[in-house]
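Rule-based calculations on the coordinates, nothing more; no lab input. Since this is a predicted model, take the numbers as computed values, not measurements. Every residue, glycine among them, receives a Cβ derived from its backbone with ideal geometry; neighbour counts consider all protein chains shown.
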């Protein structure tokens, strides 16, 4: 198996509907191909880690290189792994904000304004620290996990719950946006069904 991490800029701002569509595509395709990973998005910037069989991951990364939604794609690393970091997620997701970055271990001076293509490509250690944090969600749970298999199971459930909340939050943001524009319709109904399906999987 291998793991690839890359950073890119979005060709245009990603609205909540765009992000939901992207996540739907990732969840469907990745599950079928045995791909796991994590996607962070903020300030028109993607930071993503993908892991799985070498041929599958290399083929997916080649598709990303030709995906019109991405520009300035830079691979931070490609390395062999023996164990998956994101074994629980076909594609974990986090919408980066100052609140979500508050008091991250080792990143006390890092804020939402720093989550940019230029900063992340110049500070690859920060990018890896971010991805390491979201592999476990909670540094306390991570420390206990190393000693206790029962806590490992709790950690996986907690991580899954965080991912479900983020997807549901994304859908609700889209509904509020559509309500403000008085454009509620079939698309919002589809997003509600996606959120409900995601929550039920927990």
### Summary
Taking 78, 85 and counting other beta carbon atoms within 10 angstrom, the fewest-first order is 78, 85
### Message
Based only on other Cβ atoms within 10 Å, what is the fewest-to-most ordering of 45, 116?
### Response
116, 45
### Message
Which of the three applies to region 71-138, rounded, prolate or oblate, going by the alpha-carbon gyration tensor with a ≥ b ≥ c and a/c under 1.5 meaning rounded?
### Response
oblate
### Over 24 Å [Cα-Cα, region 1-123], rounded percent
25 percent
### Task
Order by neighbour count: 26, 75, fewest other Cβ atoms within 10 Å first, most last.
75, 26
### Query
Is the shape of region 1-55 best called rounded, prolate or oblate, per the rule: a/c under 1.5 gives rounded, else a/b larger than b/c gives prolate, else oblate, with a ≥ b ≥ c the square roots of the Cα gyration tensor eigenvalues?
oblate
